[in-house]
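Where a number appears in this text, it was derived from the coordinates with a stated rule and is not lab data. Not measured: the values here are computed from a predicted model. Heads up, the Cβs are rebuilt from the backbone with ideal geometry, glycines too, and the neighbour counts pull from every protein chain shown.
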Amino acid sequence: MNRRSVQLRILHETAGIAPAENVPVDAIPWLRNRMEYLLWLEETPFSTWMRESGPAFFSTLTLHAVGMGFVVGVHVATNLRILGVAPGVPLSLMRRFFPVLWVGLVVVSVSGALLLVAYPAKALTNPVFYLKLGAVLAALFITRILANGVLQDTRYDAGRAPKRARLLAVLSLVLWAGAITSGRLLAYTYNILMASHL
């Protein structure tokens, strides 16, 4: 089996389509183009440096984990308060933690982009990566709804939050748990580590 047929088989598996015998790579241009882009990206000097420099890679990984801790921590605290935990804390005061959340989100985004550049094929060919991104985006969308709604309304500072807000808080907790779990699974569920290894 030559390199092209192996590459095509892996691309078929990654794309979730049934493999076809003797199908040239050119027959599926979007798959070929995607793999060529990943190969180009991982061969750039910056990607190579990120991947091969222990201090660069592991400090970025550490920043990503710490940033995620702050982002998720603020969300968990806010969602638990909406669900009635710590009723002595006025609900509207939870917005004071949002600057920490936004700084953490910037750290997570930048460090995540750097990790992605280090191993682009590992992440971008893995459906779990898209599950993580989807969970994070959905949770942030819920945060925006809550920030513009119940967290601005001082009527709920001492009372019970509306049912819709409580349901959104539960959903947000589930989404963050999914994002963290899928993020950890990324290290173990990839099909392709590097495009150049095909």
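Tally Lys/Arg at +1 and Asp/Glu at -1 over every other residue whose Cβ is under 14 Å from the Cβ of Ala123; what's the total?
Working: positive: Arg34, Arg51, Lys122, Lys132, Arg184; negative: Glu42.
Overall, the nearby charge balance is +4.
Sorted by mean Cβ packing within 10 Å, highest first, what order do the peptides 47-59, 166-178 take?
The densest-packed peptide leads the list: 166-178, 47-59.
Subtracting the Cα-Cα distance from 0.36 nm times the residue separation, let me have the gained length for Trp102 to Ser53 in nm, one decimal. Let's see the in-between values first.
On the way: separation 49, 0.36 × 49 = 17.64 nm, distance 2.84 nm.
Computed gain between Trp102 and Ser53 is 14.8 nm.
For labels at Val89 and Leu137 in the simple 7 Å Cα→Cβ model, what's the distance in nm?
With each label point 7 Å from Cα toward Cβ, the separation is 3.0 nm.
With r defined as the distance between the Cβ atoms of Ala147 and Tyr37 and R0 fixed at 41 Å, what FRET efficiency is calculated, to the nearest 0.05? Before the final figure, lay out each step's value.
Values: r = 36 Å, r/R0 = 0.89.
Result of the calculation: an efficiency of 0.65.
Around Gly88, under 12 Å between beta carbons, what's the net of Lys plus Arg minus Asp minus Glu among the other residues? If you can, show how the numbers build up before the last one.
On the way: positive: Arg81; negative: Asp157.
Computed value for this residue: 0.
At 1.306 mPa s and 10 °C, plugging the Kirkwood radius over alpha-carbon pairs of segment 58-183 into Stokes-Einstein gives what diffusion coefficient in µm²/s? Present the calculation step by step, with values, prior to reporting the outcome.
On the way: Rh = 15.2 Å.
In µm²/s, the coefficient is 104.
Among Leu116, Leu105, which comes first, then next, by fewest other beta-carbon atoms within 10 Å? Display every interim value, and only then the final one.
Details: Leu116 16, Leu105 19.
Fewest to most other Cβ atoms nearby, the residues stand as Leu116, Leu105.
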